[in-house]
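J.: Sharing a structure here in structure tokens format.
We did not get these values from a lab; they are worked out from the coordinates using the rules stated. Note that the coordinates shown come from a computational prediction; the quantities given were computed from them, not determined experimentally. So basically every Cβ, Gly included, is an ideal-geometry build from the backbone, and we count neighbours across all protein chains shown.
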């Protein structure tokens, strides 16, 4: 456990936007946590961290594409047909593929004006209930639909029809089911953390 948990009243909007998950920064699990649970949580969190570190590099080609388009359009009066599509696809991939990492850090948007005032045990119970009743059923439905969505794009050789470049849509649509799968995997870790908090009265 961390030595000091910040008082919710002391947090400003900046703290909220960059908030990290509770717990020991080293990632060490509590001694009273079952070994299988600790290994599962640690393994999934490390996996999400690796994925997040890889996905964040998509910002580089995204930045390059946008800068190239600005220079080409306004300096050389020669706009590209591809920069808009590339930037849109990269942003979508960055958003979806990084969602699991964001969940591991607790930075997804949540209405916590009451939640943050509850004791850890109550928070754990609410989180556990919501993960089991809403999160996993919803994610599994989304995964099924997104997989079908991406598969059809590949089978049909679907192209984007809203721009002159008309890129193939299979790769970017594949990012949707992959991102959802990463969310489901990280959700397992978060569910185990919630169970621990619900039973032990503190977050790991």
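J.: When only alpha-carbon atoms count, how far does the chain stretch along each of its three principal axes, as whole angstroms with the largest first?
T.: If we take the Cα atoms of the chain, the spans are 62, 39, 29 Å.
J.: Just rank 44, 155, 184, 54, fewest to most, by other beta-carbon atoms within 10 angstrom.
T.: 155, 54, 184, 44
J.: Also: Label points 7 Å out from Cα along the Cβ direction at residue 122 and residue 199: separation in nm?
T.: 2.3
J.: A further question on this structure: Largest first and in whole Å, what are the equivalent-ellipsoid semi-axes of the range 135-204 based on the Cα gyration tensor, each being the root of 5 times an eigenvalue?
T.: 37, 11, 7
J.: Taking the Cα atoms only, what angle lies between the long axis of helix 136-156 and the longest principal axis of the chain, rounded to 10 degrees?
T.: For 136-156 against the chain, the angle is about 20 degrees.
J.: Quick one: compute the contact order of the chain, relative version, from alpha carbon pairs under 8 angstrom and 6+ residues apart, as a percent.
T.: 30
J.: For the residue pair residue 66 and residue 129, what label-to-label distance in nm results when each label sits 7 Å from Cα along the Cα-to-beta-carbon direction?
T.: Taking the two extended label points, one gets 4.1 nm.
J.: Then there is this: Could you line up 35, 46, 125 from fewest to most neighbouring Cβ atoms inside 10 Å?
T.: Sorted ascending by nearby Cβ count, the order is 35, 46, 125.
J.: Any number yet on Rg/Rh for the range 30-128, C-alpha, Kirkwood?
T.: Ratio value, two decimals: 1.21.
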